[in-house]
1. Between Arg79 and Glu175, what's the calculated FRET efficiency when r is the beta-carbon distance and R0 is 25 Å? Round to 0.05.
2. Can you list the residues, at least 5 places off or on another chain, whose amide H is less than 5 Å from the amide H of Gly130, using H built in the peptide plane?
3. Relative contact order of segment 152-248, please, whole-number percent, based on alpha carbon pairs below 8 angstrom and at least 6 residues apart.
4. Treat each spin label as a single point 7 Å out from the Cα along the C-beta direction, and report the Arg330 to Val114 distance in nm.
5. In nm, to one decimal, how far is the Phe61 label point from the Asn90 one, both placed 7 Å along Cα→Cβ?
6. On the accessible surface of the chain, probed at 1.4 Å, how many percent belong to carbon and sulfur atoms?
7. Counting other C-beta atoms within 10 Å, and keeping those with at most 11, which DSSP coil trypsin sites (Lys or Arg not before Pro) do you find in segment 221-297?
8. Do any chymotrypsin sites (Phe, Trp or Tyr not before Pro) in segment 46-143 lie in a DSSP loop with no more than 14 other beta carbon atoms within 10 Å, and if so, which?
Amino acid sequence: MRIRDGIDRKIDQLLFALMQNMTIAVSGEKLAQDLGVSHSALARWIDKLRQARVEIRGELFTGYRLTKVPDVLLPQLLRPRLRTKRLAQNLYHFYSVDSTNAFALRLLGRQQDVPDGGLVLAESQTAGRGRLGRSWHSEPASGLYLSLILKPEIPPTLAPLLTLGCAVALHNAVEKSTRLDVDIKWPNDLLIGGKKIAGILAEIQADLDRLHFLVIGVGLNVNHIELPSDLADRATSLRIASGQSASRIEILVDFLEEFEGLLDRFQARGPGVIVSEWSRHSSFADGRQVEIADGMRVVKGVTRGLNPIGALRVETEDHRIEEIYSGEVRNWK
Ligand code: BTN
């Protein structure tokens, strides 16, 4: 893992070198020499960039040239644009990884001192994980696939609130950059026109009374031109919804700033901040007829807001209020 991370950093340098010479072909010989690698390693890395949809013309002996400004979340491009102090000070960028959540968890398992706020980013995932044991479709360079490592000093019972907060931050960032109307389905799916554009998967390690860390994974469908047929009726992308491509880096930078601001307000003023901001942006907060399977039972009724720690309150047909802590919400009736 350490080695693969190292190679990805080298590929970042290769891409950065190509970007600084956008209009001219750079000799493969010189690139290999500057990066201190063999010709065959250089050719492999160029292939890897092409797999990540970076358009490169040429070959080792003619030299390489980018034919389009690449949309890659290079740390070298991201860092100068970041406006956050806590989030993303530590960046891990992959062209391809099994799952950014899995990488973050491995890192946390190996190292005691992983700092709070670390951000893992991937251009594509080979085993992207979704909620409830599902997988996450992670097409190269089309979406945002990221995981944030958080070590907040809060009791484990408040951890789900942070995922609601993450959904609010993503909602705000997407609305700002696309002007599309985005809804939040409890707990943290983002929808446009009833179709899913983003999902959040939080994985935590905690004792009964102490949260050690939280890995919040975010998948956002940005520039997918189409989605696989088994997803197309319930999922969409910003590009499909708006007819225009969106800047992944811009959404990412805005999202991080929004989330950091919300985490600061949460720390200063408590859970009510997240509960009220989430409720303001979700059509599911109040008065929606829903059916929720929480793993043990299916609850049907009308939503009646969130409780103080983010559970969904549902009024059943016999007028009892059930508080739902996890599960899958479906429209009912
Ligand atoms: C859901 O099922 O709605 C949650 C999907 C979360 C997907 C993201 S993509 C980045 C991060 N790494 C993963 O393996 N999953 C999350």
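1. Details: r = 25 Å, r/R0 = 1.01.
Efficiency, rounded to the nearest 0.05: 0.50.
2. Amide H neighbours of Gly130: Ser135, Trp136.
3. Values: 151 pairs, mean separation 22.8, N = 97.
The normalised contact order for segment 152-248 reaches 23 percent.
4. 3.5 nm
5. Going from the Phe61 label point to the Asn90 one covers 4.6 nm.
6. Values: 7630 of 15410 Å².
Carbon with sulfur: 50 percent of the solvent-accessible area.
7. Details: sites: Arg234, Arg239, Arg248, Arg265, Arg269, Arg280, Arg288, Arg297; in loops: Arg234, Arg297.
Passing both the DSSP loop test and the Cβ count: Arg234, Arg297.
8. Details: sites: Phe61, Tyr64, Tyr92, Phe94, Tyr95, Phe103, Trp136; in loops: Phe61, Tyr95, Trp136.
When the chymotrypsin sites (Phe, Trp or Tyr not before Pro) of segment 46-143 are filtered for loop state and at most 14 Cβ neighbours within 10 Å, Phe61 remain.
The values are calculated or read from the model by the stated rules, or taken from the named source; none is laboratory data. Quick caveat: nothing in here was measured; it's all calculated off a predicted structure. Neighbour counts run over all protein chains shown; Cβ positions are idealised from the backbone, glycine included. Side chains included, ligands, DNA and RNA excluded: accessible areas come from the protein's heavy atoms. Shrake-Rupley method; radii C 1.70, N 1.55, O 1.52, S 1.80 Å.
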